[in-house]
Amino acid sequence: MGQAPKLSETEVRTQLVELPGWELIGGKLHREFRFDDFVAAFSFMSAVALVAERMDHHPEWSNVYSIVVIDLQTHDSGGVTRKDFELAAAAGRLAG
């Protein structure tokens, strides 16, 4: 597949405008999702996991009860790439 090129901070900040709720923190795309309960949060994680697996691009994330925190960067590229934006957009759609 080839390595996705790292985006500049300016490119990242420009594209972030298209992703409501996402921020650039510590060189990673970051967002906290809140759900009604654990089952809803875990269902969301399962749905994102299927997309991530198809993309062969896996998030850094955590879950505590109804909260899912996701951080995205492309480790092979050393920063944020278009793949991170694609997965972030998919997560946003899946969260509703």
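Points to keep in mind about this one:
- Residue ranges of strands (runs of 3 or more DSSP E) in region 23-96 with at least 1 members modelled with pLDDT of 95 or more and in contact with a Phe, Trp or Tyr (Cβ under 6 Å, 6 or more places away or on another chain): 28-34, 67-72
Matching residues to (1) touching a helix residue (DSSP H, G or I) at 6+ places or on another chain (Cβ under 9 Å); (2) of a type in the set (Gly, Ala, Ser):
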{"residue": "GLN3", "(1), (2)": "yes, no"}
{"residue": "LEU29", "(1), (2)": "yes, no"}
{"residue": "ARG34", "(1), (2)": "yes, no"}
{"residue": "ALA40", "(1), (2)": "no, yes"}
{"residue": "SER46", "(1), (2)": "no, yes"}
{"residue": "MET55", "(1), (2)": "yes, no"}
{"residue": "VAL69", "(1), (2)": "no, no"}
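- Note on region 29-83: among residues that are of a type in the set (Lys, Arg) and farther than 21 Å from VAL12 by Cα, the one that is most open to solvent (accessible area, probe 1.4 Å) is ARG54.
- Check on SER62, touching a strand residue (DSSP E or B) at 6+ places or on another chain (Cβ under 7 Å) and without any contact (Cβ under 8 Å) to a residue 12 or more places away in the chain: yes
- Matching residues in region 1-20 - criterion: being open to solvent by less than 50 Å² (accessible area, probe 1.4 Å) and either at pLDDT 95 or above or under 17 Å from ILE70 (Cα atoms) (or both): LEU7, VAL12, LEU16, LEU19
The values are calculated or read from the model by the stated rules, or taken from the named source; none is laboratory data. For clarity, every value in this text was computed on a predicted model and none was experimentally measured. For neighbour counting, all protein chains shown are included, and Cβ atoms are generated from backbone atoms with ideal geometry for every residue, glycine included. SASA here: full protein model, heavy atoms, side chains in, ligands and nucleic acids out. Shrake-Rupley method; radii C 1.70, N 1.55, O 1.52, S 1.80 Å.
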